[in-house]
Amino acid sequence: METFDSAELPELLKLYYRRLFPYAQYYRWLNYGGVIKNYFQHREFSFTLKDDIYIRYQSFNNQSELEKEMQKMNPYKIDIGAVYSHRPNQHNTVKLGAFQAQEKELVFDIDMTDYDDVRRCCSSADICSKCWTLMTMAIRIIDRALKEDFGFKHRLWVYSGRRGVHCWVCDESVRKLSSAVRSGIVEYLSLVKGGQDVKKKVHLSEKIHPFVSKSINIIKKFFQEYALVDQDILENKESWDKILALVPETIHETLQQNFPKYHNSLQRWEYLTKAISLQDSTKNDKCGPWLEWEIMLQYCFPRLDINVSKGINHLLKSPFSVHPKTGRISVPIDVQKVEQFDPFTVPTISSLCRELDAISINDEGKEGNEAESDIKRRTRDYKKTSLAPYIKVFEQFLENLDKSRKGELLKKSDLQKDF
């Protein structure tokens, strides 16, 4: 496993921002084709520097200005905010109340710590391959809904660099949504409700909404391996008592008596589902197949941070930021291959800088490098490191955004011709 020493971070960041950060692609994303005047110039960036020095309301005229500032400041963390009515770096000169957040991507933040009541392998900031499946399921469930239920086309999924994932929905119409509509979308995507004191956090009725049934179908593909084998959720009395708290008291006694007769979680789960269906056939109105689905959802369904999504001016960590605790880069995730994504193989800033050193040694013997432009060299630099496949995922996302934008412009010009 890649070792990372946070004491080296200031020096490593200088190299990273000088030779690896994908400025051209980054600007291409946030400029959105330059279609709307001052869109990039009115965007808020926030930098967190060493010792938690926090600078909000940064804004830049163009890519080169952003580049210069990032290479001067070498931020430990970069956050992206909204597009405002005025340039954020001049917000103090605008009369009170006039400086307003106007647009932003619809964002989602899923953090592993929110699953601590149902994870048995790790807690707080720790993650392992056994619980990472929760993030795989979350991406599959939320992405399907955003695409099929809402018709959103441009969804960028990004690893946070430590214990979670973020999603940026970038369609033009979505960036204009009000806070109320954003809240409605998150509400639609939320099924697990209630704080630490609430034991039963999922309540279904006999009429199951298609969003719920489609989500359950995704969970079913992972449930046995994830919940019954890796998490072993019915391993012992302590763990099965948590599940008994989610089912009607009428079947508690039967389950308590019979669970010890079985050898593992797989067998106990099978027995639990049989006990539920027996109750169902006796017309016990509290029992039905939705009971086992409620358990599956409570243990596996995505848990979203509602506040991050509903506020237009809410800041979210930028893609390609470096996580100061792990050193890992916040990289885009290829949704087509989400099952293969492994957070532990994501490059760290130290591994990338070592790769750069190796490139430099190889290139020293080559003539004519002096004349090469900085941009060209930088492109060549990252392409030779393990950051390359992640930038490729980002470029594919940008390609689709461009195609979509060109399509819209063609449509508009055709419509104008019709008049």
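The values are calculated or read from the model by the stated rules, or taken from the named source; none is laboratory data. For clarity, every value in this text was computed on a predicted model and none was experimentally measured. In this analysis, Cβ positions are derived from the backbone assuming ideal geometry, glycine residues included, and neighbour counts consider all displayed protein chains. Areas reflect the complete protein model, heavy atoms only, side chains present, ligands, DNA and RNA absent. Shrake-Rupley method; radii C 1.70, N 1.55, O 1.52, S 1.80 Å.
List of remarks:
- Residue pairs, from the table K221/K310; K221/K337; K337/K383; K220/K274, whose Cα atoms sit over 19 Å apart: K221/K310; K337/K383
- Considering only D197, D232, D149, the mean-square fluctuation computed in a Gaussian network model of the chain, springs between alpha carbons under 10 angstrom, is largest for D197.
- Taking a straight Cα-Cα cut-off under 27 Å and skipping sequence neighbours fewer than 8 places away in the same chain, the lysines within cross-link reach of K50 are K14, K68, K72, K77, K317, K325.
- Checking (1) 138; (2) 188; (3) 215 against the coordinates, the calculated volume of the Cα convex hull per residue in Å³ falls under label (2).
- Placing pseudo-labels 7 Å out from each Cα toward the beta carbon at K261 and E225 gives an inter-label distance of 3.2 nm.
- Partners of K412 within straight-line reach, counting lysines whose Cα lies under 26 Å from its Cα and excluding those fewer than 8 residues away in the same chain: K37, K104, K147, K153, K176, K403.
- Relative contact order (%) - the chain, alpha-carbon pairs under 8 angstrom, separation at least six: 22 percent
- The simple Förster model, with R0 at 30 Å and r as the Cβ-Cβ distance, assigns N89 and E408 a FRET efficiency of 0.50.
- Among Y390, Y32, the order of accessible area from largest down is Y390, Y32, computed with a 1.4 Å probe on protein heavy atoms.
- Projected label points at N400 and K193, each 7 Å from Cα along the beta carbon direction, are separated by 3.1 nanometres.
- Packing, taken as the mean count of other beta carbons within 10 Å per residue, orders the peptides 114-127, 301-314 from highest to lowest as 301-314, 114-127.
- The 3J(HN,Hα) values that the Karplus relation (6.51, -1.76, 1.60; θ = phi - 60°) gives for segment 342-351 are, in residue order, 10, x, 7, 9, 5, x, 9, 4, 5, 5 Hz. Gly and Pro appear as x.
- Heavy atoms of the protein chains alone define the surface here; on that basis segment 199-300 has 54 Å² accessible area per residue at 1.4 Å probe size.
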